[in-house]
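The values are calculated or read from the model by the stated rules, or taken from the named source; none is laboratory data. In this text, all values refer to a predicted model and were calculated from it rather than measured experimentally. Methodologically, a virtual Cβ is constructed for each residue, glycine included, from the backbone with ideal geometry; neighbour enumeration extends over all protein chains shown. Heavy atoms of the whole protein, side chains included, go into the accessibility calculation; ligands, DNA and RNA do not. Shrake-Rupley method; radii C 1.70, N 1.55, O 1.52, S 1.80 Å.
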Amino acid sequence: QVQLLESGGGLVQAGGSLRLSCTASVPTFSSNSLGWFRQAPGKDREFVAVVGRSVDSTYYGPSGKGRFTISRDNAKNTVYLQMNSLKTGDTAVYYCALKVDGSILSGLAEHYDYWGQGTQVTVSP
């Protein structure tokens, strides 16, 4: 069974930073691609970023490009999302997702095979 556990969320003031972590219980971690999505109340799930097999293979959605950085540590089976210059609009539940076939990056939630439970990020004015 594949499990994804997010952590690092919390309350932060606008302009501040947070680093989210997601640890996966999968033996072939390096062969997968790992994405971050977010969902605010009343809104659809939104793609933030993805990192592929290579730590240098990344792709960002409009909300993630510029202020956010995705990275992975295969030795620790962990993917990170560094979020800087946070805005109130970044308030959402952030989800870690795993795509078993990591050969092609995707920003579509339907392409991912496993999901974590999410971690809440709240940005105050």
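For Gly118, what residues show an amide H to amide H distance below 5 Å, using hydrogens built from the backbone and excluding near sequence neighbours?
It is Glu6, Cys96, by chain and number.
For the chain, what does the accessible surface come to per residue with a 1.4 Å probe? Please give it in Å².
That works out to 50 Å² per residue.
Tell me, how many Å apart are the Cα centres for the stretch 59-125 and for the stretch 42-56?
Cα centres, the stretch 59-125 to the stretch 42-56: 5 Å.
For the chain, which whole-number percentage of the solvent-accessible area (1.4 Å probe, protein heavy atoms only) is attributable to carbon and sulfur atoms?
Carbon plus sulfur share of accessible area: 49 percent.
If the label point is 7 Å along Cα→Cβ of Ser17, which residues in the stretch 75-95 have backbone nitrogen under 13 Å from it?
81-86
As an exercise, use a Förster radius of 35 Å and the Cβ-Cβ distance of Ser30 and Thr88 to find the FRET efficiency, rounded to the nearest 0.05.
Efficiency, rounded to the nearest 0.05: 0.45.
Let's see if you can work this out: charge +1 on each Lys and Arg Cβ, -1 on each Asp and Glu Cβ, no other charges. What is the dipole magnitude of the chain about its Cα centre, in debye to the nearest 20?
Charge dipole of the chain: 260 debye, to the nearest 20.
What residues of the stretch 4-41 lie in the reach of a label at Ser124, counting those whose backbone N is under 17 Å from a point 7 Å from the Cα along Cα→Cβ?
9-18
So, counting K/R as plus one and D/E as minus one, what does the shell of residues with Cβ under 9 Å around Val79 add up to?
Neighbour charge sum, excluding Val79 itself: 0.
If Lys and Arg each add +1 and Asp and Glu each add -1, what is the summed charge of the other residues whose beta carbon sits under 15 Å from the beta carbon of Leu11?
+1
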